[in-house]
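The values are calculated or read from the model by the stated rules, or taken from the named source; none is laboratory data. Since this is a predicted model, take the numbers as computed values, not measurements. Quick reminder, even Gly has a Cβ in these numbers, built from the backbone with ideal geometry, and neighbours come from all protein chains shown. The accessibility values were calculated without ligands, DNA or RNA, using every heavy atom of the protein model including side chains. Shrake-Rupley method; radii C 1.70, N 1.55, O 1.52, S 1.80 Å.
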Amino acid sequence: MAAAAPGPASKHTFSSLLKQKSAKTSPPRSRGTMAISMRDVDPAFQGAGQKDGLEIWRIEKLQAVPVPRESHGKFFAGDSYIILKTTARKNGSFQHDIHYWLGKDTSQDESGTAAIKTVELDVALGGRGVQYREVQGNETEKFLSYFKPCIIPEEGGIASGFRHTEINEREHVTRLFVCRGKHTVHVKEVPFARSSLNHDDIFILDTKSKIFQFNGSNSSIQERAKALEVVQYLKDTNHEGKCDVAAVEDGKLMADADAGEFWGLFGGFAPLPRKTFSEPNGKDTAFPPKLLWVNKGQTVSVDCEVLTKALLDSTKCYLLDCGSEIYVWMGRETALEDRKQAGLAAEELLREGDRPKSHIIRLMEGFETVIFRSKFNKWPKKAEAVVSDESRGKVAALLKRQGFNVKAVAKSAPVKEEPLPQIDCTGNLQVWRVNDSEKTFLSFSEQCKFYSGDCYIFQYSYPGDDGEECLVGTWFGKKSIEEERAAATSLANKMVESLKFQAVLVRLYEGKEPIEFFPIFQNLVIFKGGASTGYKKFVSENGIQDDSYSENGVALFRVQGSGPDNMQAIQVDAVAPSLNSSYCYILHDGDTVFTWIGNLSSSMDQELAERQLDVIKPNLQSRMLKEGSEYDQFWKILGIKSEYSSQKIARDPESDAHLFCCTFLKGVLKVREIFNFTQDDMMTEDIFILDCHSCVFIWVGQNVDTKIRAQALSIGEKFLELDIPMENLSRETPLYVINEGSEPQFFTRFFTWDSAKTAMHGNSFERRLSILKDGIKPRRDKPKRRTTTSSHTGRSSVPDKSQRRSTSFSPDRVRVRGRSPAFNALAATFENSNARNLSTPPPVARKSFSKSSSPDPVKPPQRAASIAAMSASFERPRQTLIPKSIKASPEVKKPQSEASKPKPEEDAKESTPATKDGQTVTPTIQEDVKEDQPEDEEGLPTYPYDRLRTSSSNPVTDIDSTRRETYLSSAEFREKFGMTKEAFAKLPKWKQNRLKIALQLF
């Protein structure tokens, strides 16, 4: 005889169980302390919640018994279960979600025991968990996300206090299931009869040799696609993957073979009634939240006009009745008995209101969910709750004294502080400055110089995993004007549209750049002031002093970065508080230059400062000052000596990613979180938001309406404005708009990504049906990648073997002589033809992320041909820039003797432009001379130092002016440099150049 479902009849038994438990609790506690005895906590929970994953217990004879991992996801309708989901977060803490699941035929005692044991488990975890009551057939989406694609409870159950059900093995029986849900699927078995069918839902008929999916005419494409995951599950589980699959559309008659076979199983086709019975879901969206205080098991209404956190007392428990959910809020200073009484009161509230499908969610003070906090008016912002090591030790000691060996307070292994840039840095970069409503292309020498008062647009094409990728972005300076920001956004949107939405769009603000931004530019200098016409006009009309950078004035630059291929010099206010002990700074007052070395800066920081000197003040000797040993002149330039920070400027940390499906109608944004998400959760008909706090991605499916697609950036801005995750999101957080099929690696890293899925044609249902039936994924139909070298950046779209190097950098490692084209062009604006300082800047552009294998140049690209053709409209013909440190002309005079000529392999080489298929191939520049090998100087004539100096009145003419030092005799070289030529050759290039500058040999 089946036991009654958990409902009104369970009140007496549940209360008696609670009283039995309460009789064993500890003596009364004093106000302000949390007195919870661990003696009543089930020993089965020892060690729970120590690692990421699922732990499940079944209630057997009123005790919690662990369920083996191989049985996870298998539930019986006659049982009750406790499910613990432990998630290791990026901040090093654990998140605990506790669910107690009640089968429709579970006994009253089992359901009551499950509720009590759930509270005990939460106590064992330190009260940090959120508890959910799950009823068979109406589970929360979070719970179902643990067991994708679905759970299908079996009949029967384990022997319990008052009931025993035998489960017998049986032959395959034809079963009919109804599926509901766009994102998570609720599956319920219904009678195998035509009367079970309707036009609103999806039905799956599982026969011995074939599985049919019947799509109601009113069901959505997304629901149909999700139901196919259930079909796949049944095929693999019940048929070992060997059975036919057929999709039957509502309304198709016997002309369709599959439809005919399907209806034949029901005794023949017959039309379904249009109006079908709709099951109540227990949800009332118009239900106003009502706050109740639980006092000795009785509820007392709290009178208030507006819900505020101040209404919640840490010594009490409360119920927040929201109709579809009832929240049980437990103060930190409440006793275990009070918490159990609050849970009982919530159960009673559901029974009185006849709401069997409403959810009960119990949570502890300090660990409230986002949805709960959103019910209150202006819930106080707070930092993330992270339990300190000291607190963990105290909790562990307390539990040990009470005889409970709990290890669940352990801390998870923290993740890396900051992920590596997931973007190739060998691509093609173009930059425009926005002037009023137009964009002005910046020459190669200007594209790495930004002003805080301006807005910029950049387009970056680079080789990705599956082909050429394209990134179009806007960068807004801190003091840029709104009109030019709006113009930049509009122009960038048009560029992406011209590229047929195959490019990623990103919106950036100064100071909030993501880690992928700076490696693209390799070396970036950000000046104060502005150069755009809009900024100049704004300053003039508003009587604001123009503080634009002047090389003859006073300027202070903070130098930062991770290496020569990722470094920045940012102009800050020339005052002492702008200093920071964790950085190096460059200060100049006209021709007076200081390099300030913070005590907490690294050797890498110091080298980057030396490199930036060659850009900002290339022809002047700087005086190096260690923090604490500054000259009076230094402080005089800064105005006055005062205190400054020593903490490194923190970047917004990347938190655990959350995925939301969203709708945007008439300016109203509604989102729904997708728990434990995968790539398959993102449907081509929808827009999704991926939030990782440090940046927000808006993913747009291929089948999204064009008008909605155009609002993608507005959707992201609205998301930031509302701060839906309630995590203090900045309005200036980087926003990416990513169209399906154009996903970059810095987005796909959050998934186990299969790019072949996004390349398929059709809607979500058609794609998944194709995969399910064929068992293979369609191949991409894409053109071959073209290996190109940009004529205006010198960056090859596909790096050669010499460029595919790790990004790790050591100051002591040998660097290839010369510098990257980007850095060379930037420095060129500060140089003149007679006095150049060619120190070693960023090495040859290379990948900025490590992968198991380098991209194959012949691998078929994703969008190479189309992007190359469409982006041509944005390019302007530019002269190819050859680094000046390389001898580009074969006509340089050399000594007559053959022996005196440099060996070919030791000389810098430049290939002559060649013609292939009617097109000019840009020459490739290479340098093979290594710094730790002295150059071959046999037979070179020697000249006196006075004639080799750049300021000589009688200079030597027939020499290589970039290697003046090599024409010194060995004796005079040692006299002037204080070392041998061999020792000089082993120095880093920037040190060589600084010595040459000091001796006027540069």
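Give the shape of the range 175-266 as rounded, prolate or oblate, defined through the alpha-carbon gyration tensor: a ≥ b ≥ c are the square roots of its eigenvalues, a/c under 1.5 means rounded, and otherwise the shape is prolate if a/b is larger than b/c and oblate if not.
rounded
Taking a quarter of the surface of the convex hull around the Cα atoms of the range 658-774, what do you get in nm²?
7.3 nm²
With θ set to phi - 60°, apply the Karplus curve 6.51 cos²θ - 1.76 cosθ + 1.60 along the range 598-612 and write out the HN-Hα couplings as whole Hz, x wherever there is a Gly or Pro.
x, 5, 9, 7, 9, 5, 5, 4, 5, 5, 5, 5, 5, 5, 5
How large is ³J(HN,Hα) for each residue in the range 496-507, as worked out from phi by the Karplus curve 6.51 cos²θ - 1.76 cosθ + 1.60 (θ = phi - 60°), to whole Hz, x for Gly and Pro?
For the range 496-507, the Karplus curve yields 5, 5, 5, 8, 6, 6, 8, 10, 8, 9, 9, 10 Hz.
Highest first, please rank the peptides 736-746, 232-242, 212-222 by the mean number of other Cβ atoms sitting within 10 Å of their residues.
Final packing ranking: 736-746, 212-222, 232-242.
Please express the Cα-Cα pair-distance distribution P(r) of the range 945-999 as a list of whole percents, one per 10 Å bin, running from 0 to the bin with the greatest distance.
23, 59, 18, 0
Of all the accessible heavy-atom surface of the range 290-374, with the other protein chains kept in place and a 1.4 Å probe, what percent is carbon and sulfur?
48 percent
With a probe of 1.4 Å, find how much accessible area the range 658-774 has per residue, and write the answer as a whole number in Å².
On a per-residue basis, the range 658-774 sits at 39 Å².
Can you tell me the Rg and Dmax of the range 550-650, counting just the alpha carbons, in angstroms?
That works out to 12.3, 35 Å for Rg and Dmax.
How much accessible area per residue does the range 550-650 have, in Å², with a 1.4 Å probe?
Working: 4150 Å² over 101 residues.
In whole numbers, the range 550-650 has 41 Å² accessible per residue.
If the range 651-722 were replaced by its equivalent ellipsoid, with semi-axes equal to the square roots of 5 times the Cα gyration tensor eigenvalues, what would those be, largest first, whole Å? Mind dumping the intermediate values first?
On the way: eigenvalues 76, 47, 21 Å².
Over the Cα atoms of the range 651-722, the semi-axes work out to 19, 15, 10 Å.
Given an 8 Å cut-off on Cα distances and at least 6 residues of separation, report the relative contact order of the range 43-160 as a percent.
Once normalised by length, the contact order is 30 percent.
Carbon-plus-sulfur fraction of the accessible area of the range 43-160, 1.4 Å probe, in percent? Could you put the intermediate results ahead of the total?
On the way: 1670 of 3380 Å².
With neighbouring chains kept in place, the figure for the range 43-160 is 49 percent.
On a 21 Å Cα-Cα criterion, which of the cross-link pairs Lys208/Lys757; Lys617/Lys981; Lys375/Lys670 come out too long? Walk me through the numbers on the way to the answer.
Values: Lys208/Lys757 30 Å; Lys617/Lys981 27 Å; Lys375/Lys670 15 Å.
Pairs exceeding 21 Å: Lys208/Lys757; Lys617/Lys981.
If you count, for each residue, the other Cβ atoms within 10 Å and average over each peptide, how do 466-473, 960-967, 974-981, 534-541 line up from highest to lowest?
The packing order, highest mean first, is 466-473, 960-967, 534-541, 974-981.
Measuring with a 1.4 Å probe in the full set of protein chains, what accessible area per residue, in whole Å², belongs to the range 945-999?
Heavy-atom accessible area per residue stands at 50 Å².
Per the 1.4 Å probe, what fraction of the accessible area of the range 510-613, in percent, lies on carbon and sulfur atoms?
Here it works out to 44 percent.
Given a cut-off of 29 Å, name the pairs among Lys142/Lys707; Lys51/Lys357; Lys449/Lys989; Lys242/Lys357 whose C-alpha atoms lie farther apart than that in the structure shown.
Pairs exceeding 29 Å: Lys142/Lys707; Lys51/Lys357; Lys242/Lys357.
Please express the Cα-Cα pair-distance distribution P(r) of the range 304-356 as a list of whole percents, one per 5 Å bin, running from 0 to the bin with the greatest distance.
4, 19, 27, 22, 17, 10, 1
What are the residues whose amide H is under 5 Å from the amide H of Ile151, where those residues sit 5 or more places off or on another chain and H is modelled from the backbone?
Counting only residues 5 or more places away or on other chains, the set is Val187.
Can you tell me the order of 508-521, 590-603, 558-571 when each peptide is scored by its average per-residue count of other Cβ atoms within 10 angstrom, highest first?
Ranking, from highest mean packing down: 558-571, 508-521, 590-603.
With just the Cα atoms of the range 43-160, tell me how far they stretch along each of the three principal axes, in Å, largest first.
42, 32, 24
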